[in-house]
1. What are the residue pairs meeting all of these: first residue in the stretch 162-187, first residue aliphatic (A, V, I, L, M), second residue part of a helix (DSSP H, G or I) and at pLDDT 80 or above, Cβ atoms under 7 Å, and 6 or more apart or on different chains?
2. Kindly indicate whether any position in the stretch 245-255 is free of Cβ contacts under 8 Å to residues at least 12 places away in the same chain, closer than 19 Å to H196 by Cα and in a helix (DSSP H, G or I).
3. Here's a check for you: in the stretch 108-125, which residue that is in contact (Cβ under 8 Å) with a residue 40 or more places away in the chain and among the charged types (D, E, K, R) is surrounded by the most Cβ atoms within 10 Å (Cβ to Cβ)?
4. Within the stretch 215-267, restricting attention to residues that are buried (at least 18 other Cβ atoms within 10 Å of the Cβ) and among the basic types (K, R), which residue is nearest to D94 (Cα to Cα)?
5. Can you confirm whether the stretch 211-231 contains a residue that is farther than 23 Å from R113 by Cβ and assigned to a loop (DSSP other than H, G, I, E, B)?
6. Quick one: in the stretch 26-46, which of the residues that are hydrophobic (A, V, I, L, M, F, W, C) and part of a loop (DSSP other than H, G, I, E, B) is surrounded by the fewest Cβ atoms within 10 Å (Cβ to Cβ)?
7. Give the number of residues within the stretch 57-102 that are part of a loop (DSSP other than H, G, I, E, B) and modelled with pLDDT of 90 or more.
Amino acid sequence: MRPRGGSAKAFCLVSGKRRARIDLFALFERMECRGRLLDIPAGDGVEAARLARMGFEVVGADLFAPPRSGASAATGWARADCNAPLPFRTAAFDTVLSREGIEHLENQAGFIRECARVLRPGGRLVLTTPNVMHLGARMSMLLTGQRTMRRGLVNEVETLRGRAGGRYYHGHVFLIDYFRLRYLMRLAGFGAIEVHTDRFSPSSLALAWMVPLMYGASRLSVFAFRRKANQHRRTVAPAVLTAEIRRHVFSPALLFGKRMVVTAVREQDGAGER
């Protein structure tokens, strides 16, 4: 027997988990426009080479040069620091892929703004990062103060990966959650934001019983803020915006996915350009 009310809605979200799982490259296969694509940070160029074979005109960018034996020979390459202005003209690309990069960056807001700047209006951003909002990560945070138990404690010895010309290459010290990533994207001029995942966390699936409680707590949090905002005459988000955020937060992708795959479209109004 299914639970009622808010619990029933949470049950439906949990039961739909299979529909949330995607193949990252299937997103690109469905794109009608196979124009210029920026892969940043490109790493060893494996993803860039695969996208080039799919018909995209790929430019890989990274702080470190790709290995000579890497898979980036079929693509363009440029040195770029993701914490600084990117060395590309405004509206130079139709698509930007940022795979497992933003969690390493000191200047995440600046990076998102730069992604918006180099995209043409209507262009698409595909960004992936570890999902710190799946149920297993939330339990780890409660117990250890860390989003994952397998990475030890963040510190200057184990977390710093390297240096290049006075610039730091950090490990996963700047993990970002959906709320803050969506906020930065909207301020940079991105819309049509959707969330997916490409693999699930078994420990999160085992914690699915927590979802109805979390859903109720979320509704209570929104109600409490609106009540306080009305008392102090503060602006309250429209119901449609709150519903969009809650739809994402309680999607199978964020509840159970190990990786957060976010897609967004560069809006036409010029937001995000310098």
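1. Between residues of the stretch 162-187 that are aliphatic (A, V, I, L, M) and residues that are part of a helix (DSSP H, G or I) and at pLDDT 80 or above, the close pairs are L175/E103; I176/I102; I176/E103; I176/Q108; L184/Q108; L184/A109; L184/I112; M185/I112.
2. Yes - at least one qualifying residue is present in the stretch 245-255.
3. R124
4. Filtering first and then ranking leaves R266.
5. No: zero hits.
6. C33
7. 15
Yes/no matrix, rows are residues, columns are (1) modelled with pLDDT of 95 or more; (2) of a type outside the set (G, A, S); (3) assigned to a strand (DSSP E or B); (4) under 15 Å from the mean Cα position of the chain (by Cα):
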{"position": "R113", "(1), (2), (3), (4)": "yes, yes, no, yes"}
{"position": "A116", "(1), (2), (3), (4)": "yes, no, no, yes"}
{"position": "P121", "(1), (2), (3), (4)": "yes, yes, yes, no"}
{"position": "M141", "(1), (2), (3), (4)": "no, yes, no, no"}
{"position": "N155", "(1), (2), (3), (4)": "no, yes, no, no"}
{"position": "E158", "(1), (2), (3), (4)": "no, yes, no, no"}
{"position": "R186", "(1), (2), (3), (4)": "yes, yes, no, yes"}
{"position": "G191", "(1), (2), (3), (4)": "yes, no, yes, yes"}
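The values are calculated or read from the model by the stated rules, or taken from the named source; none is laboratory data. None of the values given here were measured: they were computed from a predicted structure. Glycine also receives a Cβ, built like all others from the backbone with ideal geometry; neighbour counts cover every protein chain displayed.
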